[in-house]
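First up is the structure itself, then whatever we jot down about it.
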Amino acid sequence: MSVLKNRSHKLAGPNLELCLKLGLGLCLLLTFSSIAHAADVRLAVAANFTDTTRDLIVAFGKATGLEAVASYGSTGKLYAQIANGAPFDVFLAADSHRPELLEENGQGVAGSRFTYARGKLALWSPVPGTFEDPKVWLKSGDFARLAIANPKTAPYGLAAQEVLTELNLWDSLQDRLVRGDSIAQTFQFVATTNAQSGFVALSQVRAWDDKGGSLWMIPQNYYSPINQQAILLSRSENKNSARQWLEFLRGDKARAIIEKSGYETEH
């Protein structure tokens, strides 16, 4: 499993030989534990929110003096890690379903769940002129590969499936779809032109250094709302610091950062 970290950490715990002896599951637990000692708040964050979270962590540190560390991945895989005991304090998902499940099964603190952002889906290519009319281009099938995130584990992938279903293209494009494990990997497929275009989060395009390319901001009536929810986790050992993070996330400064990144927020 590859999990991106907000910053580099020395793995003071398990080395490769120890990992082989103990097995991957225990090795991951030791890895998470080594990160836990280095931060006041441990965040599990949906991959689409990577760049925004990095900005939020900086602002949070300046506002509170506390240090937050984030691990990024698909919502589904992070949920599985949490369900299996990974020692995070807060889960920032890209949907509302999995935080609801955590609250229902007692792994999330009742009453702590809220929508911190509403995501927007985009069809994007870094190459200008890839498409003029995106719907005509999609229906033409004049491309070798179209990237989407795995609909089973990534909410933005599920939204992409809904768009293609709305356009009556889901079945006919199956042999051209390349699926990323997360929306971050999906974006990389497109950014490196391993796929001619792909369904990504608008926030990822906003963070892209090269502002050129082809972009279709998909009408939001083409897919179900991407309500991204946060929840305090019951097994958190840093609940006071975690609650400060959640309070910060609801505040005006955080909302300004989130909206600048291409999301909507609730006021």
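The values are calculated or read from the model by the stated rules, or taken from the named source; none is laboratory data. In this text, all values refer to a predicted model and were calculated from it rather than measured experimentally. We place every Cβ from the backbone using ideal geometry, glycine too, and count neighbours over all the protein chains shown.
Side notes on the structure shown:
- Restricting the stretch 68-80 to residues that are in contact (Cβ under 8 Å) with a residue 40 or more places away in the chain and part of a helix (DSSP H, G or I) leaves a set whose member that is surrounded by the most Cβ atoms within 10 Å (Cβ to Cβ) is T75.
- Unique match (being farther than 27 Å from L249 by Cα, among the polar types (S, T, N, Q) and buried (at least 16 other Cβ atoms within 10 Å of the Cβ)) among S203, S125, S140: S125
- Residue list for the stretch 166-186, restricted to those being touching a strand residue (DSSP E or B) at 6+ places or on another chain (Cβ under 7 Å), in a loop (DSSP other than H, G, I, E, B) and not polar (S, T, N, Q): L173
- For P128, the conditions (1) farther than 22 Å from S224 by Cα; (2) in contact (Cβ under 8 Å) with a residue 24 or more places away in the chain; (3) in contact with a helix residue (DSSP H, G or I) (Cβ under 8 Å, 6 or more places away or on another chain) all hold with the exception of (3).
Residues checked against (1) over 17 Å from Y263 (Cβ atoms); (2) in a loop (DSSP other than H, G, I, E, B); (3) not basic (K, R); (4) not assigned by TED's automatic domain parsing to the domain that holds R179:
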| residue | (1), (2), (3), (4) |
| --- | --- |
| A94 | no, yes, yes, yes |
| P99 | no, no, yes, yes |
| L102 | yes, no, yes, yes |
| G111 | yes, yes, yes, yes |
| G129 | yes, yes, yes, no |
| L138 | yes, no, yes, no |
| A147 | yes, no, yes, no |
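- Check on D55, assigned to a loop (DSSP other than H, G, I, E, B) and either small (G, A, S) or at pLDDT 95 or above (or both): no
- In the set (1) at pLDDT 95 or above; (2) exposed (fewer than 14 other Cβ atoms within 10 Å of the Cβ); (3) within 30 Å of T186 (Cβ to Cβ), the condition left unmet by G65 is number (3).
- When residues in the stretch 217-264 are screened for being acidic (D, E), over 15 Å from F114 (Cβ atoms) and not in a helix (DSSP H, G or I), 1 of them pass.
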